[in-house]
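K.L.:
Sending over a structure as structure tokens; questions will come in a sec.
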Amino acid sequence: MGQQDPAELPRYSRDSGSQRYSAARKKGNAKKKAVLAVVIVVVALLAVAGIAVASFLNRVNNNIAIDQQSLEELKEQLVAPQQPDEPYYTLLIGSDSRESGDSGRSDTIILMRVDPKVPQVTLLSIPRDTEIQLEGYGTQKINAAYTFGGQAGAVKAVSELCGVPIAHYIEIDFEGVINLVDVLGGVTVNIPVEVNLNGVTIPAGEQFLDGEKALIFSRCRTFPTGDYQRVINQRILIQAVAKEVLSASPTEIPALIEKLSECVATDVSATDAIAMVMAVRGLDTENNMFMATAPSYTNFHDEVSYVAIQEPEFSTMLERIDQGLPPVDQSTQ
């Protein structure tokens, strides 16, 4: 192969090399700036998201917060489970307070056992007129524990009556019932017995209830069995509400919890509340949600009507609940 004429060889000059270097440098700088811009945008979005999450958690925590002194007293009575996924008990109180500052009474008392691993939930209604011995007050109805001792007093009384540690506390008032059901867009329930209260009639059978009717359904006691039917109705309502909440998609849970937080007060933080709801999200409310009322009878003394616990039957029921069994052995019925 012949040699190429030097005159035809490409010429290299310091100027042309510098130009190419300068162009490459500018191109490299442009890429760096583009990458930096993307990083800045991502960081900004994460910061905004972080602020939004922090704001959300703050709102929920403020909504559900119990005043500091009451919370400190309450935590002295609460016993956290040793492992995150082990069964635990929660006390659910329905207060009949009507106005801010009115402590009211524990109109509804339900001991709830939650097993996140199954998942499974058991609701045990304790009649509000159940006779107990209340320290400092003698013979009282169990709802007096809330009146005299607040949330901590209610937890202590129920824990002693049932012989189990209680890990958490949830309280909802009458106004909260209306808001709770309306937030969910109403609930469908199977009314076992016709309800008549304050001029409102709700026929037996499957009915769609808004907040106002749900409140009437849960408060009415004008039945032949009085308060016994009322506590059954309350559990039916809780089951319907749970079904609606737990059927929500994961992306809907945070917003739903924020709305529900306006209806309740609890010792649980916003992050824990979300985790607890998500842990039982697969709950089969028809087959793995057990419900019962503490076995009892009416007892009169000192011209006062009380509900007296049937001790042997109650002990057996509590043992079954603690073992994760249905409260009542259906094979013996």
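K.L.:
Quick one: in the stretch 295-327, which of the residues that are assigned to a helix (DSSP H, G or I) and of a type in the set (Asp, Glu) is nearest to Tyr88 (Cα to Cα)?
P.N.:
In this case the residue turns out to be Asp322.
K.L.:
Okay, moving on. Just one of Asn179, Asn196, Asn190 is touching a residue at least 24 places away in the same chain (Cβ under 8 Å), surrounded by fewer than 20 Cβ atoms within 10 Å (Cβ to Cβ) and part of a helix (DSSP H, G or I); which is it?
P.N.:
Values: Asn196 fails: part of a helix (DSSP H, G or I); Asn190 fails: part of a helix (DSSP H, G or I).
None of the others qualify; the one that does is Asn179.
K.L.:
From the list Thr251, Thr285, which residue is outside any strand (DSSP E or B), exposed (fewer than 12 other Cβ atoms within 10 Å of the Cβ) and of a type in the set (Ser, Thr, Tyr)?
P.N.:
Thr251
K.L.:
Here are some conditions: (1) of a type outside the set (A, V, I, L, M); (2) buried (at least 18 other Cβ atoms within 10 Å of the Cβ); (3) out of contact with any Ser or Thr (no Cβ under 8 Å at 6 or more places or on another chain). Ser218 meets all but one. Which one does it not meet?
P.N.:
(3)
K.L.:
Separate question: Taking the options Thr316, Thr298, name whichever one is surrounded by 14 or more Cβ atoms within 10 Å (Cβ to Cβ), free of Cβ contacts under 8 Å to residues at least 12 places away in the same chain and over 30 Å from Asn179 (Cβ atoms).
P.N.:
Thr316
K.L.:
Does Gly163 satisfy being out of contact with any Gly (no Cβ under 7 Å at 6 or more places or on another chain), over 17 Å from Asp107 (Cα atoms) and touching a residue at least 60 places away in the same chain (Cβ under 8 Å)?
P.N.:
Considered against the rule, which asks whether it is out of contact with any Gly (no Cβ under 7 Å at 6 or more places or on another chain), over 17 Å from Asp107 (Cα atoms) and touching a residue at least 60 places away in the same chain (Cβ under 8 Å), Gly163 comes out as yes.
K.L.:
Note down all Cβ pairs under 9 Å where the first residue falls in the stretch 203-229 and is without any contact (Cβ under 8 Å) to a residue 24 or more places away in the chain, the second is exposed (fewer than 14 other Cβ atoms within 10 Å of the Cβ) and hydroxyl-bearing (Ser, Thr, Tyr), and they're at least six residues apart or on different chains.
P.N.:
Glu206/Thr188; Gln207/Thr188; Phe208/Thr188
Bear in mind that the values in this text are calculations on the coordinates, not laboratory data. Treat the numbers as computed from the prediction; the structure is a model and nothing was measured. A quick note on method: Cβ atoms are made from the backbone with ideal geometry, for glycine too, and the neighbour counts reach across all protein chains shown.
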